[in-house]
Every structure is written in C-alpha cells, then in structure tokens.
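Participant: One structure coming up, written as structure tokens, with questions to follow.
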Amino acid sequence: KPQQIPTTKTTQPISTSTTPSPKTTSQTPSSIRSSSLNSLQSTKRKVEPSVPALIFNALDNIINTFIDPPIKPSVDPKHVLSQNFAHVLNELPPTECKVIQGSLPPSLNGAYICSGPNPQFLPRGPYHLFDGDCMLHSLRISQGKAWLCSRYVKTNKYTLEREAGFPLFPNVFSGFNGLSALATRGALSAARILIGQVDLSNDFGLANTSLVLFANLLLALGELDLPYSMKLSSNGDIETLGHYDFDGKLFMSMTAHPKYAIFADIQIGMNPLEMIAGGSPVGSDSSKVSRIGVIPRYAKDESEMKWFNVPRFNIIHAINAWDEEDGNAIEIVAPNILFVEHTLERMELVHALVEKVRINLNTRIVKSSSVTTRPFGQHTWGRRTSMCTRRGDPMPKISGMVKLDLSKGDQHEDFTVASRMYGKGCYRGEPFFVAREAAENLDAEEDDGYVVSYVHDENIGESRFLVMDAKSPNLDLVATVKLPRRVPYGFHGLFVAESDLSRI
C-alpha cells in the first residue's frame, strides 16, 4: 500500500464577517461531526507511490498516449474542461457572499444546492463531461444573508483515489472507445484489483447527476451506484454520511432522475457493440418505436405496468406529469429530442421542442402537441405553470429561461408567458422554483414565489446567484448575490427549505 507522509494540518478559514453563521432550528451532534470531518478532509496528504503503482501509472500513460488518445473533441479534456466547464481546484468551506442588487426575501430561508462533475484529478486520457467526480455547490440563505460552500461527495471512488494520490478507475463514458482500449484498460483495472489497489466492495459510481429530498433524506444520485446520503450542518457545511440502501431493500444502482410512476423506453440507449468498435457508449435506433410505461403508484409488482406507443417521442428529462379525470388519464410535458443520433457525441447539435402528451389509460388513445416553437431544456413547478431552461449556443450551455402556461389549451402553438435571457456570454443550468409562503398554504397560486439559479458571466469570469419574481412577465430580478468564486456549469439541483434542513 502507498505510504502516507503526514503534513501540517490545516484548519477552517475564519469568516471575514462578524455576522454569525446561520443556525438551524435543531442542533444535533451530526453538525459537530460535520465540522471536524470537513476539517480533516481539507488536510492535504502527500503519498509516495508504491512500485506497482508506478508501473500501472506508466502503463496507463502508454494507453492514453498511444492506444486510446483523446482524439475526438467530445472526449478531449482540453475541449471538455474549457471555460466554465473547467473544474475548480479545491473545496470551499462556508464563505459569506455579498448581495450586490436588491435584497434576499425574508421567506427565502434554506439552501440552493447544485450537483455536477468536478474531476478530482486532471484526466490523463479521454474524458467526457459525465465522467467527473461530484461536487455540490450549496448556497445557504438565512435572514437575508448567504454563504457558499463547495464540497465533494465522498464516494468510494473519490476516497480511494484521494488516498492513492492519482486516478485508479477508467472513465465509464470515454475510457472504452474501441476493442484495444477495452482490452488494455480492462486488463489494467483487473491488475489493480488483484493486488488490492482497488476495492470494489462499495462500487465506484460518481453521484454527480442530481439531488432528491425524500423522507427527510438528502440523497446525491448517479446512474451507476447507490445513493449517497448527505447532510448540511448548521453553519452551511456539507457532510457525506455514506451509502443509503433504503434499509437493505436497494441492492443495485437506481435512476438519478426519479419522477413520477412513468417510464420512457426511447430510441436512445446504451450501445456496447458500438462502443467496442470505437463509437459512443450511447447510441440510437431510428427503427425503434418509442413508448411510455405507466405503473400505478401502489402497484405490487411490474405486472401492473401498461405500455403505450408514442412514436419518435424521445425524452431524457420530464418537465412535469399529472393525473387527469380521476386517474383515468395522464398528461406528460417534456422536451422531445429531435435528432437522437447526436445525443452525447455532438451535444451542440442536440435540439428539443417541448411537447405535451395525453394518454387515456382506458381507451389507450395517445395525443401529442407542441407547446413551444423554440428549443428548450427542462424544469418544473406546478400542474399548469412550468419553467423551462432555454438552450444556449452551443449546448449544453443554457442562455435563459421561459415560463409556460399550460392551461391555455391545445389550440395554442406557443404557451410562453414570461421569459428572461441572462445576456450575452452569460449561461447557467437548472433553475428552481421556491414558493413565497409555506407549502401548507394551499390557497396560494402555484407561481407565487421565486425562481432561483446560479449564472456565470463568461465575459468577466464571475458567478452569481439570481432570485427572480416568478409571477412577473419578465421574471424580474429581486436579488443578485455575487459568489466568492466561480461555480462550474453543473447538472441538476434543488432548493431545500430551512424546515426540511432541520429534519435531515
């Protein structure tokens, strides 16, 4: 095993502000454990590689240089990790931010958390955007003040590679392009396992895709692993509690996009044969008929699922879905990818139009119609009011957002009722809606609240947090918070209210 050389232990930076850190309504011992754990995690350790490690790293360099170099732009680290897609080098402890415009609303208390890829080490060979270790960027808001914290999710992969001091696992989405790459990387991985350099007992997923709040649990999700349970301490710091398997009921990886009891079987899927031949791990089948599977919420097993053909309806993310007519019909709103052959490999060529699909569960009649005339991404908040991100140039950058009013009826070509573009050179990912009043207020209109999002200005290299009025026709700015450092473009996120944070 690599010998560890101890170095001087570092401590948490002291806030430059005299304002006390935000407090939750309930202080628990876990908040103390979080502080000491993250202090230990911030300690940098130098590792002296063993002889086998030096040999394996040399072989890895040979594979990356001569056998499977990053030739395609989609897997070239210099291209993929450019501009604001580039990773940040270090974690950030809770750091107070400055409100530079307006003021944070009194009801906006909690944390806005985004997940995304942030490789712990610069890639040696082919690297896809989906391959990065997960870093969470949390903005804790309390009484009109905000603190930003960025921490890695301490997955099994992250922990093993951090202790080793170098990458141990090949990249899943980019590391097996071609038969020669598959054979050599597979053999190298097997050798690392045989000598005990890699422990697969806890899997090697990334948990970098999305977050979900479920049954007082904050879970970081990825498609290749069990969820990781997370906790926010009273001072805004982020702690990884470990794998969560739902009391032993979950024994394999789960989806990172849990929505409703609806499943999409589309023309896009994993393509191992194409990957062996040197192509993308994700491929398309234009001859396949897309279909939607619907299973009752309280079904005992999969035999109660019903399938409905929806030709050329290729959705990766759903904006919204709900029951109609006492559960006898469902409506789905989602971006439909128009050119599936470019998915993952040429993301700048991916276009999607938002469509609404209505399925009568009794008559099996399926109707679909477009609700926008421009390409958009995804997000949601209510049954009749939805928020969509607008694609940037090129994808996967997001240049703004629009608000859709789905109650207009099928006769309309465009359901857009409000929009906000971030401006030239300004992009961001997924917005999130936060109700103005407590969730128990059933009389409030479903768009009565705020839309929040991180936005990065590529012109000046500065990231900000925006709070917008969801009811206004231009999604007017309520507050702008300057972040103490750049927040890379990520994937999905959510806002967790203070009342929920105290129960996690």
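The values are calculated or read from the model by the stated rules, or taken from the named source; none is laboratory data. Only a predicted model underlies this, so the values are computations on that prediction, with no experimental measurement involved. Please note: Cβ atoms are built from the backbone with ideal geometry, for glycine as well, and neighbour counts cover all protein chains shown. The accessibility values were calculated without ligands, DNA or RNA, using every heavy atom of the protein model including side chains. Shrake-Rupley method; radii C 1.70, N 1.55, O 1.52, S 1.80 Å.
Participant: Go through the stretch 56-71 residue by residue and turn each phi into a ³J(HN,Hα) via Karplus (6.51, -1.76, 1.60, θ = phi - 60°); whole Hz please, and just put x for glycine and proline.
Facilitator: Per-residue couplings from phi come out as 5, 5, 5, 5, 4, 5, 5, 4, 6, 8, 10, 8, 9, x, x, 7 Hz.
Participant: Follow-up question, since we're still on this one. I'd like the Karplus ³J(HN,Hα) series for the stretch 448-457: coefficients 6.51, -1.76, 1.60, θ = phi - 60°, whole numbers in Hz, and an x wherever there's a Gly or Pro.
Facilitator: Result, ordered by residue: 7, x, 10, 10, 10, 6, 7, 9, 10, 9 Hz.
Participant: Here's a follow-up. What is the spin-label model distance, in nm, from GLU304 to ALA86 if the labels are put 7 Å beyond Cα along the C-beta direction?
Facilitator: Result: 5.3 nm between the two label points.
Participant: Rounded, prolate or oblate: which one fits the stretch 133-178, using the alpha carbon gyration tensor with axes a ≥ b ≥ c (rounded when a/c is under 1.5, else prolate when a/b beats b/c, else oblate)?
Facilitator: Verdict is prolate for the stretch 133-178.
Participant: Please report how far the C-alpha centroid of the stretch 192-256 lies from that of the stretch 55-117, rounded to the nearest whole angstrom.
Facilitator: Cα centroid of the stretch 192-256 versus Cα centroid of the stretch 55-117: 19 Å apart.
Participant: Mind ranking LYS249, LYS288 by accessible surface for me, highest first, 1.4 Å probe?
Facilitator: LYS249, LYS288
Participant: In whole Hz and in residue order, list the ³J(HN,Hα) couplings for the stretch 268-273 that follow from phi through the Karplus curve 6.51 cos²θ - 1.76 cosθ + 1.60, θ = phi - 60°; x for Gly and Pro.
Facilitator: Going residue by residue, I get 9, x, 5, 10, x, 5 Hz, with x marking Gly and Pro.
Participant: Let me ask you something else. What is the sum of charges around GLY186, taking Lys and Arg as +1, Asp and Glu as -1, for the other residues whose C-beta is under 14 Å from the C-beta of GLY186?
Facilitator: Residues close to GLY186 contribute a combined charge of 0.
Participant: I would also like to ask the following. Calculate the FRET efficiency for ASN474 and LYS78 from the Cβ-Cβ distance with a Förster distance of 41 Å, rounded to the nearest 0.05.
Facilitator: Approximately 0.60, to the nearest 0.05.
Participant: Another one. Around GLU324, which amide H atoms from residues at least 5 apart in sequence, or from another chain, sit under 5 Å from its own amide H, with H modelled in the peptide plane?
Facilitator: Residues meeting the criterion, in which the H sits 1.01 Å from N, are ALA329, ILE330, GLU331.
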